[in-house]
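Below: the structure, in structure tokens.
Nothing in this text is a laboratory measurement; each read-out follows from the coordinates by a stated rule. Here the structure is a predicted model, which means the values were calculated and not measured. All Cβ positions, even for glycine, are placed from backbone atoms using ideal geometry, and neighbour counts span all protein chains on display.
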Amino acid sequence: MDRVKTNISGFDDLIDGGIPRGSSVLLSGPCGAGKVYFASEFLYKGAEPSIYYAFEQSQESMKENLSVFNWDMDKAIKGKQFNIIQSELYQFESFLSDLEDNIEKTGAARVVVDSLTVIGEFFDSPYKLRKSLLELKRMVKNNDATAILLSETPANTDKLSTFGSEEFVLDGVILLHLIKSQTELNHAVSVRKMIGTNFASTIHPFEIRNTGLKVHKIRELRGL
């Protein structure tokens, strides 16, 4: 199977070397878990055209958020390798058409949508959301792109997504955790689902370094 490496240190070892090309993968977790960092590293270190499609982040705010890393974001943006698109389209068909137009225009092979939490608010029923996510997934695959779709979850819950249906429709589910110790919150990642992949089901701690994320080798965190 053709796989797309995330190039996040230590993570691809957990998923047979990468995400199956053409997949749409849910990346969920609570506030502060590192979703924007994880998704942005997937784009930045991919070395191929990419899109970060955001409803609530401008190019300047994205650059400020990612200033924790020693990445040359100006070079990536000017070179059209990391395209940041701020959307004000709050209707699904318009959003989907705009995203596809931008994928075709930029030749993007990697896409991040931030976030499904916003998109879910477009709909008044879970059925309509599921149907639309299938359309989104099909569009991504038809354009030979691979997508990571962000979703907010409450802290200290077992929820995998905002609305409870995203995980059933999409091809994979990556969970980011904030695990509380006596004195601090620790970051961790686990894989709940990945189509066509033998994946490690344990929870792995990760660090946020100035070069990017570092997922530590097999070590299950206890006490969850």
Exercise for the section: Using only C-alpha positions, report the orientation-averaged shadow area of the convex hull of segment 58-107, nm², one decimal. Expected result: 3.9
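Quantify how much of the Cα-Cα distance distribution of segment 102-170 extends past 16 Å, in percent.
Details: 1163 of 2346 pairs.
Here the tail beyond 16 Å accounts for 50 percent of pairs.
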Fill in the blank from the handout: D (µm²/s, integer) via Stokes-Einstein for the chain, Kirkwood Rh across alpha-carbon pairs, 25 °C, 0.890 mPa s: value 140
Exercise for the section: Arrange R3, R209 by Cβ neighbour counts within 10 Å, fewest through most, would you? Expected result: R209, R3
Practice task
Could you tell me what percent of the DSSP beta bridges with both partners in the chain are antiparallel, to the nearest 5?
Solution key: 40
Practice task
Sort V25, V4 so the one with the fewest other Cβ atoms within 10 Å of its own Cβ comes first.
Solution key: V4, V25
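Cα-Cα over 22 Å: which of K137/K214; K137/K217; K5/K214; K78/K105; K45/K131? Kindly include the intermediate steps, with their values, before the conclusion.
Working: K137/K214 29 Å; K137/K217 31 Å; K5/K214 15 Å; K78/K105 15 Å; K45/K131 32 Å.
Beyond 22 Å: K137/K214; K137/K217; K45/K131.
Hey, got the dipole for segment 135-187? About the Cα centre, +1 on K and R Cβ, -1 on D and E Cβ, debye to the nearest 20?
That gives segment 135-187 a dipole magnitude of about 20 debye.
For R130 and Y90 in the same chain, what is the full-extension length gain: residue separation times 0.36 nm, less their Cα-Cα distance, in nm?
Values: separation 40, 0.36 × 40 = 14.40 nm, distance 1.70 nm.
That works out to 12.7 nm of additional length.
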Exercise for the section: Counting helices only, and only those DSSP H runs with n ≥ 4, report the 222 nm mean residue ellipticity of the chain as the sum of -39,500 (n - 2.57) divided by its residues, in deg cm²/dmol to the nearest 500. Expected result: -8000 deg cm²/dmol
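Any idea what the alpha-carbon Rg over 2.2 N^0.38 Å comes to for segment 113-224?
This ratio for segment 113-224 stands at 1.19.
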Problem - Summed residue charge, Cβ within 12 Å of E88's Cβ, Lys/Arg positive, Asp/Glu negative - result: -2
Problem - Cβ-based exposure ranking for D171, D144, in which fewest neighbours within 10 Å come first - result: D144, D171
Exercise for the section: Could you calculate the contour length gain from T157 to K78, that is, 0.36 nm times the residue separation minus the distance between their Cα atoms, to one decimal place in nm? Expected result: 24.4 nm
